[in-house]
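Novice: Just passing along the structure, written as structure tokens.
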Amino acid sequence: MAAVSQKDFTEALSTGRPPNIVKLFPNSKALIVSGKAIDRALMAKGKAMTIAANGRNLLVVRGALAAAQRANAAIILEIAKSEGGAGAYCAVNFWNLARIVDSLANEMGITVPVAIHGDHYGIKGDSDVEKAKIEIPSLFDAGLTSIAIDASHLPDEKNLQASIDLAGYVPAWAGLETEVGEIKGKEGLSTVEEALYLIQGLNAHDIFPDWIALNNGTTHGIEESEAGIQVELTASIHQALKPYGVSGAQHGTSGNSSERLRRITAETATTKANVATALQMISWGVKVNDYGNAQLDKNGEFQRAPKAGVTDDMWDQMVKYAQEKGWKKGDYKKLNLPFENKLLGQSRDIRERMAKSVEDFVYTLLTSVFNAADTAPLAVEAILAAGSYDLGAKVGRIEDPAQWDAEGIKAKAAALDADKGPQGDFAD
């Protein structure tokens, strides 16, 4: 499919950018759109999903944007609450990601549609709900166009109730993701019944998520086992949710082979695939395998790709810093915050090779694994067909609200047979 015509791009730029983006960037030529537009594009192509690239550093964002333009693909740039919230371990955060994307897109001449997603906005108790009522509007003031309200750490009843309580703080035009089951590998897998409970309860309250994330057998971070995404489980849940128009959001994509990811693309309703750790490692110059897993040498140290990523001296500084902190390999993500400015202070050729490595990796995912090539025009078509930045819900209310009042929510939750798996810190 050809790239978007100048006429259609200009019209989409005029009508497709949400009001917060227009206010922040009135003269911009970056097509930052609602997450809904990205989801609709992948649905229109069918059996396709795009990357939701966690921009843990600016050079990852640059590389992901370049890959999307090269693949003519609609894309999502995101940062999670653990990465970029109030207790961030990255310099890229909820409040500056949109500004970074807009600046880079204008500099680089990016014309594909891009959504700005706040991932894993975690809710772990009542106090988080109250804080969220203040903080979520601030995120959209800063340029988010999509968000994942993640109360999956809570029991099913409280997950649903927190999601209902906070949905009104998300603009109606914005992309919305919900989650059932913490992402913790093979423990506490999500069930069809749990997913239906959450989506039906939301539907009864006129809340229509674009995506649902599941605990379908994968993990965040560096995945060292052969466990991974349970394709059949994912497909069965998506099939049960089909009447509600909810697409899948696949978390923990790093750690799964290209073969398994192609199956997720072909056999499920997934349109959004989060990739974080692999992009971080690639930008630094760490070798990764087909699973996106960092490669270790015989001494258990990260292997470096030749003539890639940061300089040898910079890498030595990073390793020394981590060792002094007593960090394990999975803690290296915490290097993002103290080293961001040092990475940006490297010579141009080093910065360019860091971004280029990310670009090549993301391009391969988009074109050879996710089937996302040429979805940019489909997102523009969806915007032009709607004549608005607000694409509306994919379905209307199906469930009876009377069955989903406070007592109904509690009674239905009590009837669920749910194994939440072990307790622990499973933050992204």
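Novice: Tally Lys/Arg at +1 and Asp/Glu at -1 over every other residue whose Cβ is under 12 Å from the Cβ of residue 240; what's the total?
Specialist: Around residue 240, the surrounding residues sum to -1.
Novice: Calculate the dipole size of the range 9-88 relative to its Cα centre from +1 charges on Lys and Arg beta carbons and -1 charges on Asp and Glu beta carbons; express the result in debye to the nearest 20.
Specialist: 100
Novice: By average Cβ neighbour count within 10 Å, what is the ranking of 346-359, 262-275, 103-116, 308-321 from highest down?
Specialist: 262-275, 103-116, 346-359, 308-321
Novice: Would you calculate, for the chain, the mean residue ellipticity at 222 nm contributed by helices, counting each DSSP H stretch of 4 or more residues as -39,500 (n - 2.57) and dividing by all residues, to the nearest 500?
Specialist: Taken over the chain, the calculation gives -13000 deg cm²/dmol.
Novice: Also, I was wondering about something else. Please find the FRET efficiency linking residue 242 to residue 267, where r is the Cβ-Cβ separation and R0 is fixed at 22 Å, and quote it to the nearest 0.05.
Specialist: With a Förster radius of 22 Å, E is 0.95.
Novice: Turning to a different aspect of this structure: If a/c stays under 1.5 just call it rounded; otherwise compare a/b with b/c (prolate if a/b is bigger, oblate if not). Do that for the range 197-339, with a ≥ b ≥ c from the square roots of the Cα gyration tensor eigenvalues.
Specialist: Since a/c reaches 1.5 and a/b is larger than b/c, the shape of the range 197-339 is classed as prolate.
Novice: Also, I was wondering about something else. Rounded if a/c is under 1.5, else prolate if a/b beats b/c, else oblate: with a ≥ b ≥ c from the C-alpha gyration tensor eigenvalues square-rooted, which is the range 332-373?
Specialist: oblate
Novice: Also: Among 27, 201, 138, whose Cα sits farthest toward the positive end of the charge dipole of the chain (+1 at Cβ of Lys/Arg, -1 at Cβ of Asp/Glu, about the Cα centre)?
Specialist: Going by the charge dipole, the pick is 27.
Novice: Can you compute 3J(HN,Hα) from phi for each residue in the range 140-156, using the Karplus curve 6.51 cos²θ - 1.76 cosθ + 1.60 with θ = phi - 60°, rounded to whole Hz and x for Gly and Pro?
Specialist: After applying 6.51 cos²θ - 1.76 cosθ + 1.60, I find 6, 4, 8, x, 4, 10, 6, 8, 10, 7, 10, 9, 5, 5, 8, x, 3 Hz.
Novice: For the chain, what log10 I(q)/I(0) values come out of the Debye formula at q = 0.10 1/Å, with one point per alpha carbon and no solvent?
Specialist: Taking Cα atoms of the chain as identical point scatterers yields -0.63.
Novice: How many angstrom lie between the Cα centre of the range 95-145 and the Cα centre of the range 278-341?
Specialist: Distance between centres, Cα-based: 27 Å.
Novice: At 7 Å along Cα-to-Cβ for each site, give me the label-to-label distance between residue 320 and residue 232 in nm.
Specialist: According to this spin-label approximation, the distance is 5.3 nm.
Novice: Tell me the relative contact order for the chain as a rounded percent, counting alpha carbon contacts under 8 Å between residues six or more apart.
Specialist: In percent, rounded to a whole number, it is 25.
Novice: In addition: Residue 290 versus residue 23, label points 7 Å from Cα toward the beta carbon: distance in nm?
Specialist: 4.9
Novice: Subtracting the Cα-Cα distance from 0.36 nm times the residue separation, let me have the gained length for residue 349 to residue 417 in nm, one decimal.
Specialist: Gain in length upon complete extension: 18.9 nm.
Novice: A 27 angstrom limit on the alpha carbon distance is what I want to check against. Which of 124/342; 29/131; 7/36; 272/307; 124/333 exceed it?
Specialist: The answer is 124/342; 29/131; 272/307.
Novice: Something else about it: When DSSP beta bridges are limited to those with both residues in the chain, what percentage is antiparallel, rounded to the nearest 5?
Specialist: If I count the DSSP bridges inside the chain, around 10 percent turn out antiparallel.
Novice: Suppose the chain between residue 305 and residue 364 were pulled fully straight at 0.36 nm per residue; how much longer would it get relative to their current alpha carbon spacing?
Specialist: 19.5 nm
Novice: How would the range 1-42 be classified by its alpha-carbon gyration tensor: rounded, prolate or oblate, with rounded meaning a/c under 1.5 and the a/b versus b/c comparison settling the rest?
Specialist: oblate
Novice: Another question about this same structure. Residue 96 label point, 7 Å along Cα→Cβ, cut-off 17 Å on backbone N: hits in the range 21-43?
Specialist: In the range 21-43, the label zone of residue 96 (backbone N under 17 Å from the point 7 Å along Cα→Cβ) covers no residue.
Novice: Okay, next question. Quick one: putting +1 on the C-beta of Lys and Arg, -1 on the C-beta of Asp and Glu, what dipole do you get for the range 6-390 around its Cα centre, in Debye to the nearest 20?
Specialist: It works out to roughly 1020 debye.
Novice: Let me ask another. State, to one decimal in nm, how far the label point of residue 313 lies from the label point of residue 406, with both points 7 Å from Cα in the Cβ direction.
Specialist: 6.5
Novice: Considering the options 118, 363, 48, tell which one lies farthest towards the positive end of the dipole of the range 6-390, charges being +1 on Lys and Arg and -1 on Asp and Glu at the Cβ, about the Cα centre.
Specialist: 363
Novice: Can you list residues whose amide H is under 5 Å from residue 207's amide H, if they're 5+ apart or on another chain and H is modeled 1.01 Å from N?
Specialist: For residue 207, whose amide H was placed from the backbone, there are no distant partners under 5 Å.
Every number in this text was worked out from the coordinates using simple rules, so none of it is lab data. Since this is a predicted model, take the numbers as computed values, not measurements. Here Cβ is always computed from backbone atoms with ideal geometry, including for glycine, and neighbour counts include all displayed protein chains.
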